[in-house]
Amino acid sequence: MGERYKVEALKDISFQLKYGEMVAIMGTSGSGKSTLLNILGALDDPTTGTIELNGNYSKDMFEEPQASLYRRENIGFIFQSFHLLKDLSVEENIALPLILKEIDKKLIPKKVDDVIELMGLTEWKKHRPIQLSGGQQQRVAIGRAIITDPPIILADEPTGNLDFNTSRDILHALVETKKKFNQSILLVTHDAHVATYADRILFFHDGRIVDEYYCGAHDDLDNILTRFKVITEKQTV
Ligand SMILES: Nc1ncnc2c1ncn2[C@@H]1O[C@H](COP(=O)(O)OP(=O)(O)OP(=O)(O)O)[C@@H](O)[C@H]1O
Ligand SMILES: [Mg+2]
């Protein structure tokens with residue numbers, strides 16, 4: 001057996017995510033992007049460091065039951081691999097966070113129908129995930145992430161498995177809900193085109209934020225690709 005060694009997945013990470021802001025995270029494979037999302041979602045706990053929400057932080061937020069409560073109140077997760085429950089229908093999957101949050105049962109059907117309509121899933125609401133395409137499944141996952149109007153959405157490669165048009169529809173849906181609910185979105189992507197939908201991009205390499213870019217110029221895509229190339233070239237030196 002080889003000696004176990006420690007991986008320092010994140011080092012000196014410090015940044016602010018503002019209300020209504022979409023921040024994309026791009027970076028080399030293994031640079032710590034998913035680790036960061038897992039920590040921000042209290043699915044994982046950092047060795048050191050804190051997260052402040054509206055200027056407040058709780059020392060034991062990574063311990064149960066606080067971590068679950070924090071997630072339920074604040075976070076909507078969207079994963080690349082959807083994580084839908086296969087035995088539940090579309091509407092049941094989307095309703096799940098409301099049930100976990102113990103929302104008044106009478107209010108649930110209307111909320112679910114609104115989100116299903118927003119996601120363009122009305123025709124499929126009685127279907128099981130296996131009967132849907134990848135893009136439709138991802139829209140179910142987004143519906144489930146936004147149904148409780150969480151202030152923060154954490155999305156790890158949400159369009160990684162999808163074709164160009166479906167990715168574009170999903171990004172538009174995310175931008176729309178962001179505007180509607182003034183949400184903060186942190187979105188990990190390897191795709192520079194996806195990153196152009198963000199307000200700002202943080203570039204990760206080897207556990208650190210090594211560059212930052214504010215979108216808004218007509219040549220965003222070129223700028224992002226250039227910066228990303230510089231970072232990937234660093235890796236091979
Ligand atoms: N559960 C784990 N146990 C030990 N090390 C881990 C674990 N998960 C990730 N790592 C390590 O932490 C580092 C960061 O991994 P992470 O998954 O955050 O990278 P990433 O930027 O999301 O990569 P990718 O783009 O490939 O998804 C890597 O060196 C990885 O090997
Ligand atoms: Mg990852």
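The values are calculated or read from the model by the stated rules, or taken from the named source; none is laboratory data. Nothing here was measured: the structure is a model prediction, and the numbers come from that model. Counting neighbours? That spans all protein chains shown, and the Cβs are built from the backbone with ideal geometry, glycine included. To get the accessible areas, we keep the full protein, side chains included, count just its heavy atoms, and leave off ligands, DNA and RNA. Shrake-Rupley method; radii C 1.70, N 1.55, O 1.52, S 1.80 Å.
Considering 209, 130, the condition of being of a type in the set (A, V, I, L, M, F, W, C), open to solvent by 50 Å² or more (accessible area, probe 1.4 Å) and within 16 Å of ligand 2 (Cβ to nearest atom) is satisfied by 209 alone.
For segment 185-199, filtering for residues that are outside any helix (DSSP H, G or I) and either open to solvent by 10 Å² or more (accessible area, probe 1.4 Å) or within 16 Å of ligand 2 (Cβ to nearest atom) (or both) leaves 9.
Residue 138 falls short on exactly one of the conditions (1) part of a helix (DSSP H, G or I); (2) modelled with pLDDT of 90 or more, and that condition is (2). Within the span defined as segment 36-56, every residue fails to be away from ligand 1 (no atom under 16 Å from the Cβ) and either in contact with a Cys (Cβ under 9 Å, 6 or more places away or on another chain) or basic (Lys, Arg) (or both). Picking from residues in segment 38-53 that are open to solvent by 10 Å² or more (accessible area, probe 1.4 Å) and within 16 Å of ligand 2 (Cβ to nearest atom), the one that is nearest to residue 184 (Cα to Cα) is 40. Screening residue 17 with (1) more than 18 Å from residue 174 (Cα to Cα); (2) modelled with pLDDT of 90 or more; (3) assigned to a loop (DSSP other than H, G, I, E, B) gives one miss only, at (1).
Scanning segment 167-183 for residues that are assigned to a helix (DSSP H, G or I) and either of a type in the set (A, V, I, L, M) or open to solvent by 30 Å² or more (accessible area, probe 1.4 Å) (or both) returns 168, 169, 170, 171, 172, 173, 174, 175, 176, 179, 180, 181.
Is one or more of the residues making up segment 213-229 crowded, with 20+ Cβ neighbours inside 10 Å, more than 14 Å from the chain's Cα centre (by Cα) and within 16 Å of ligand 2 (Cβ to nearest atom)? Steps first, please.
At the first step, the residues of segment 213-229 found to be crowded, with 20+ Cβ neighbours inside 10 Å are 213, 224, 228.
Then drop every residue that is not more than 14 Å from the chain's Cα centre (by Cα), which leaves 213, 224, 228.
Of the ones still in play, those that are also within 16 Å of ligand 2 (Cβ to nearest atom) are 228.
Yes: one or more hits.
Each residue in segment 143-166 was checked for being without any contact (Cβ under 8 Å) to a residue 60 or more places away in the chain, among the charged types (D, E, K, R) and either within 18 Å of residue 133 (Cα to Cα) or in a helix (DSSP H, G or I) (or both), and 1 pass. Going by what's in this entry, would residue 24 be described as at negative phi, touching a helix residue (DSSP H, G or I) at 6+ places or on another chain (Cβ under 8 Å) and in contact (Cβ under 8 Å) with a residue 24 or more places away in the chain? Against the criterion (at negative phi, touching a helix residue (DSSP H, G or I) at 6+ places or on another chain (Cβ under 8 Å) and in contact (Cβ under 8 Å) with a residue 24 or more places away in the chain), residue 24 qualifies. Report, by residue number, each residue of segment 86-95 that is open to solvent by 50 Å² or more (accessible area, probe 1.4 Å) and either assigned to a helix (DSSP H, G or I) or touching a Leu at 6+ places or on another chain (Cβ under 7 Å) (or both). Answer for segment 86-95, where residues must be open to solvent by 50 Å² or more (accessible area, probe 1.4 Å) and either assigned to a helix (DSSP H, G or I) or touching a Leu at 6+ places or on another chain (Cβ under 7 Å) (or both): just 92. Of the listed requirements (1) farther than 21 Å from residue 202 by Cα; (2) more than 16 Å from ligand 2 (Cβ to nearest atom); (3) not hydroxyl-bearing (Ser, Thr, Tyr), residue 20 misses just one: (1).
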